[in-house]
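**Q** Here it is, the structure in full.
The values are calculated or read from the model by the stated rules, or taken from the named source; none is laboratory data. Because the structure is predicted, anything quoted here is derived from the model rather than measured. In this analysis, Cβ positions are derived from the backbone assuming ideal geometry, glycine residues included, and neighbour counts consider all displayed protein chains. What goes into the accessible areas is simple: the full protein's heavy atoms, side chains included, and nothing from ligands, DNA or RNA. Shrake-Rupley method; radii C 1.70, N 1.55, O 1.52, S 1.80 Å.
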Amino acid sequence: MKPDLFKAPDYYNIDELLTDEHKMVRDAAREWVKREVSPIIEEAAQNAEFPKSIIGGLAEIGAFGPYIPEEYGGAGLDQISYGLIMQEIERGDSGVRSTASVQSSLVMYPIFKYGTEEQKKKYLPKLASGEIIGCFGLTEPDYGSNPAGMVTNFKDKGDHYLLNGAKMWISNAPFADIAIVWAKNEEGRIHGLIVERGMEGFSTPETHNKWSLRASATGELIFDNVKVPKENLMPNKSGLGAPLGCLDSARFGIAWGAIGAAMDCYDTALRYSKERIQFDKPIGGKQLQQKKLAEMITEITKAQLMAWRLGVLRNEGKATSAQISMAKRNNVEMAINIAREARQILGGMGITGEYSIMRHMMNLESVITYEGTHDIHLLITGMDITGMPAF
């Protein structure tokens, strides 16, 4: 097993923009990833298994709902702290970051924002501690980029709701204890329901044969006449804007997380370029390799500055959905390009599990599509600057 020698690049001294608390939170997450994730993640990915043993550690470093107030079990941190934690976790693996992102932004966030006081007290502390794990059901077999077309629905049966439909491509689904499910009522209005494992008619078959996010558990949510108690409906926001608000938080975390994957690929390639001898000198002394490395650190630095500024805007309540879309799209594209270039620097060794690059590359092929596809985010920016929707 190779030691984790990761050293984070900071070409523009961006650390000077962070508070002492930011750096403390980030460094704690960084050391945890080195100690608990790096030694096991390659085997987990090769075996297509989510390492459940790390759930407690994720909770300990504040990865579950770090911005949720302490009274509900969260750490009460700001948005930049959340971003930095996601950056460090995705430096380890995108699939592990997906688990944390879903738990934080797609399960705890809607309960905190849209749920009742009873729902907050019942679920949030257990989610923050990792005692229970959640998932988020929006995407359907026939409705991905157009979630408004969903067919999953519920009917009022007097003392309960009757839920029918299906969701797919759901991270954490196979082992989740609860699901935040978005469905239409009899008037066609979208609402969020908290569905618990064990409710009759609710099943979560796992998705197999993935080449991407192999260390993350993905599945479906099937609802066959599921009786959901009325107190499990989140009453404080309805309509498509409710789940989209959750996605804003998730996309913000992805914009930071992708930087972590890019930094890991860059750091691996930089170290390799200094050690690999060809034509009697390290390949890092060759012009074409220096071009790759120089472009990598430039793009990482630009992404770091964008994420930091977006975090400031989120802290001030000023960040728009379109700004978040731009950062998610830009930073994931940056990361996947760096992964591909870094792989070339390593040559044939770059495709092996001895290094993290090929795993990052495969993972990022999912990250560039989920939480809004690469193309849809372009159209969101286009609509924002022209005022005309193209979808």
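**Q** Do any helices (runs of 4 or more DSSP H) lying entirely in segment 1-119 carry at least 2 residues that are farther than 21 Å from Lys328 by Cα and not basic (Lys, Arg), and which ones are they?
**A** Passing ranges, in order: 20-32, 38-46, 55-60, 109-114.
Condition check ((1) farther than 30 Å from Lys274 by Cα; (2) open to solvent by 10 Å² or more (accessible area, probe 1.4 Å)) across all residues:
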site	(1), (2)
Leu313	yes, yes
Gly317	yes, yes
Gln344	no, yes
His377	yes, no
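Matching residues to (1) among the charged types (D, E, K, R); (2) touching a Pro at 6+ places or on another chain (Cβ under 7 Å); (3) part of a loop (DSSP other than H, G, I, E, B); (4) under 24 Å from Gly311 (Cβ atoms):
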{"residue": "Met168", "(1), (2), (3), (4)": "no, yes, no, no"}
{"residue": "Pro174", "(1), (2), (3), (4)": "no, no, no, no"}
{"residue": "Val195", "(1), (2), (3), (4)": "no, no, no, no"}
{"residue": "Met199", "(1), (2), (3), (4)": "no, no, yes, no"}
{"residue": "Val228", "(1), (2), (3), (4)": "no, no, no, no"}
{"residue": "Gly245", "(1), (2), (3), (4)": "no, no, no, yes"}
{"residue": "Asp248", "(1), (2), (3), (4)": "yes, no, no, yes"}
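**Q** Still on this structure, I have one more. So in segment 203-226, with the set limited to residues that are closer than 26 Å to Lys113 by Cβ and part of a loop (DSSP other than H, G, I, E, B), which one is farthest from the chain's Cα centre (by Cα)?
**A** Among those residues, the one meeting the criterion is Thr204.
**Q** Looking at segment 230-243, which of the residues that are part of a loop (DSSP other than H, G, I, E, B) and touching a Gly at 6+ places or on another chain (Cβ under 9 Å) is least open to solvent (accessible area, probe 1.4 Å)?
**A** Filtering segment 230-243 for residues that are part of a loop (DSSP other than H, G, I, E, B) and touching a Gly at 6+ places or on another chain (Cβ under 9 Å), the one least open to solvent (accessible area, probe 1.4 Å) comes out as Ser238.
**Q** Still on this structure, please answer the following. Looking only at residues in segment 346-375 that are in a loop (DSSP other than H, G, I, E, B) and farther than 19 Å from Pro147 by Cβ, which one is least open to solvent (accessible area, probe 1.4 Å)?
**A** Here the answer is Ser356.
**Q** Going by the structure shown, is Arg309 closer than 30 Å to Ser81 by Cβ, in contact with an Asp or Glu (Cβ under 7 Å, 6 or more places away or on another chain) and modelled with pLDDT of 95 or more?
**A** no
**Q** So the check is Cβ under 6 Å with 6+ separation or different chains; which pairs have a first residue in segment 282-301 that's without any contact (Cβ under 8 Å) to a residue 60 or more places away in the chain and a second one that's open to solvent by 40 Å² or more (accessible area, probe 1.4 Å)?
**A** Pro282/Lys274; Gly284/Lys274; Lys292/Glu341; Leu293/Leu270
**Q** Which residues, taken from segment 140-182, are crowded, with 21+ Cβ neighbours inside 10 Å and over 23 Å from Glu117 (Cβ atoms)?
**A** Glu140, Met150, Thr152, Leu163, Gly165, Lys167, Ile170, Ser171, Asn172, Ala173, Ala176
**Q** For segment 294-305, what are the residues that are of a type outside the set (Val, Ile, Thr), surrounded by 19 or more Cβ atoms within 10 Å (Cβ to Cβ) and out of contact with any Cys (no Cβ under 9 Å at 6 or more places or on another chain)?
**A** The answer is Glu299, Ala303, Gln304.
**Q** Next question. Show the residue pairs meeting these rules: Cβ distance below 6 Å; 6+ apart or different chains; first residue within segment 145-165 and in a helix (DSSP H, G or I); second residue open to solvent by 20 Å² or more (accessible area, probe 1.4 Å).
**A** Correct list of pairs: Ala148/Leu240; Gly149/Tyr143.
**Q** Now, a different point. Six or more apart or on different chains, Cβ under 7 Å: which pairs go from a residue in segment 336-347 that's touching a residue at least 40 places away in the same chain (Cβ under 8 Å) and more than 13 Å from Arg359 (Cβ to Cβ) to one that's of a type in the set (S, T, N, Q) and in a helix (DSSP H, G or I)? Could you list them?
**A** Final answer for the pair search is Ile345/Ser273; Ile345/Gln289.
**Q** Further question: Quick one: would you say Glu200 is more than 25 Å from the chain's Cα centre (by Cα) and among the acidic types (Asp, Glu)?
**A** Spelling it out, Glu200 is indeed more than 25 Å from the chain's Cα centre (by Cα) and among the acidic types (Asp, Glu).
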